[in-house]
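Encoded as structure tokens, the structure appears first; notes follow it.
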Amino acid sequence: MLFFPVRTGSLESFCRYCCLGIGPEVADLIWIKPASGVRIQNVHHAQRFLKGADRIAGECSGRRDGCEAGAEEKDADALFAGPAKPGVDRVTIKTGESELGAVRLRSEGKPQQGTVALPHAGRFFEVRFESIGGLGAHAAGQVLATAAVIRMGLNGAHFSSYGSEKKGSLVRSFVRLGPTDRPIRTSAPVETPDAIVVFHAALLRNPATLAGLIKDGTFIYNAPPGPVPVELAALPRTARVIRVDALGIAMQENSRPNAVLLGTLAGAFPFLDADQILEALSEEFAGKHPEAVASNERAFRRGATDFEKLEGVGRAKGDLPVARAEPVWGYETQPVGGIIPEPGNMVWNDLSASRTGWLPVLDREKCIHCGLCDLVCPDYCLTWGDGEDGGKFERELMGVDYRYCKGCLRCVESCPTGALTKETETAGLADRLRVPLFPDLIP
């Protein structure tokens, strides 16, 4: 039995780095997670002890490479009530004022072998989540990778790419899975995915969303029933296309779209054990948001069944080409410092994809045009105009430009008269009620 206490921020971090550095020769492992600490950055220090060891003596230190030798020796089996049997044990350990979480992976002294057969034996199974910040794509990738590594006996890696703005900015989350005997030694973005999961239909307008999908890949996107977007004609004709109303299901079950889409992904690929993914999803939220566990389970279950396969959508032949972003400027072509070559470019932003099923609706009959909503709006989406000649108000709130509205609903919370209300966003509602901020530029 191996006892490996590390100072790390999350179980997912540990799994990722162990898969990159330790390999299948590790038979039995205990992982200890303190309540706080630094994340493992290098497992090579730990690897020197793991091979052939019955236990590891060590105590958490401030070093970024894990544990230092020479500290107090601890018996791993003493942490658990019974002898090791194949599977996974979890316990909570009280040490003074600290609380540690322990995980024991066991194989009765034999190397861990994956019990899950991947669709393609000769390569990794790769998933790319395309999303907008705030919809839960990063959490979905963490849950999927954790379930695959800890519960399904696979090697796995996960990381995400997003901007500093977080909510409203483009997010891509990458998951790469492989058999236990094949270490994953790359953290490059997933460019040729087996599956692409799109969290918002507005992202379909970006050609990079579809880029790299292999000819026999699976494309899952979040949208209510209705006409198929014309952008999907660019998909391979042999690709499988799945549509699920993740947002609608999430609203009905008081959950999030990521729980629904994880269920759909598991339903589309039987080798992904739905029960194991659901258990990992429940553990992800059980600590901080236990009230969300039941609703997430309902959303996940519905996502695994309540989807539709679309036939005859794609028109392209073969694999789609990879999209790699090239720098706009180099050292020879960059403009002189201090120059803004595209002034006013925020006008062209479209933040409507950030909304998660709700939007503010204005009743001008109740509005007293006090401006409190404008003070709390983070995205400058409220449209003001001149009041009537001789009227009571010099400036009046005309409406909302939903192109720039993320649906944060702070305006609704601050409205003293109830003129702004929270309404369910149905198809076409935002377009009907929108009052343009810049009608001369974007009607």
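General remarks:
- Every condition in (1) surrounded by fewer than 24 Cβ atoms within 10 Å (Cβ to Cβ); (2) under 17 Å from Leu265 (Cα atoms); (3) in contact with a helix residue (DSSP H, G or I) (Cβ under 6 Å, 6 or more places away or on another chain) is met by Leu203 except one, and the failing one is (2).
- Answer from Val347, Val336, Val328 - the residue that is touching a Phe, Trp or Tyr at 6+ places or on another chain (Cβ under 8 Å), modelled with pLDDT under 90, over 21 Å from Val127 (Cβ atoms) and surrounded by fewer than 15 Cβ atoms within 10 Å (Cβ to Cβ): Val347
- Ala223 vs. criteria under 19 Å from the mean Cα position of the chain (by Cα), under 19 Å from Ala280 (Cβ atoms) and among the hydrophobic types (A, V, I, L, M, F, W, C): no
- Residues in the stretch 348-356 include at least one that is part of a helix (DSSP H, G or I), in contact (Cβ under 8 Å) with a residue 40 or more places away in the chain and of a type in the set (A, V, I, L, M).
- Checked against (1) under 26 Å from Asn345 (Cα atoms); (2) modelled with pLDDT under 90; (3) surrounded by 12 or more Cβ atoms within 10 Å (Cβ to Cβ), Arg410 meets all criteria but (2).
- Positions within the stretch 364-378 being in a loop (DSSP other than H, G, I, E, B) and more than 20 Å from Arg432 (Cβ to Cβ), in sequence order: Ile368, His369, Cys370, Gly371, Cys377, Pro378
- Qualifying residues in the stretch 177-200 (those that are among the polar types (S, T, N, Q) and closer than 21 Å to Arg324 by Cβ) - the one surrounded by the most Cβ atoms within 10 Å (Cβ to Cβ): Thr192
- Close pairs (8 angstrom Cβ cut-off, 6 or more residues apart or separate chains): touching a residue at least 40 places away in the same chain (Cβ under 8 Å) in the stretch 143-162, in a loop (DSSP other than H, G, I, E, B) and of a type in the set (Ser, Thr, Tyr) anywhere: Met152/Thr115; Gly153/Thr115; Gly153/Thr180; Leu154/Thr180; Asn155/Thr180; Ala157/Thr186; Ala157/Ser187; Phe159/Ser187
- Residue within the stretch 381-395 that is closer than 30 Å to Asn222 by Cα and not in a strand (DSSP E or B) present: yes
- Selection status of Arg302, of a type outside the set (Phe, Trp, Tyr), within 30 Å of Ser255 (Cβ to Cβ) and surrounded by 11 or more Cβ atoms within 10 Å (Cβ to Cβ): yes
- Restricted to the stretch 128-151, and to residues there that are modelled with pLDDT of 90 or more and outside any helix (DSSP H, G or I), the residue that is farthest from Phe199 (Cα to Cα) is Arg128.
- Residues in the stretch 173-202 that are assigned to a strand (DSSP E or B) and out of contact with any Asp or Glu (no Cβ under 6 Å at 6 or more places or on another chain): Ser173, Phe174, Val175, Leu177, Gly178, Ala195, Ile196, Val197.
- Restricting attention to the stretch 362-378, the residues that are within 30 Å of Asp245 (Cβ to Cβ) and buried (at least 19 other Cβ atoms within 10 Å of the Cβ) add up to 2.
The values are calculated or read from the model by the stated rules, or taken from the named source; none is laboratory data. Every value quoted in this text rests on a predicted model; they were computed, and no experiment measured them. Cβ sites come from the backbone with ideal geometry, for glycine too, and all protein chains shown count toward neighbours.
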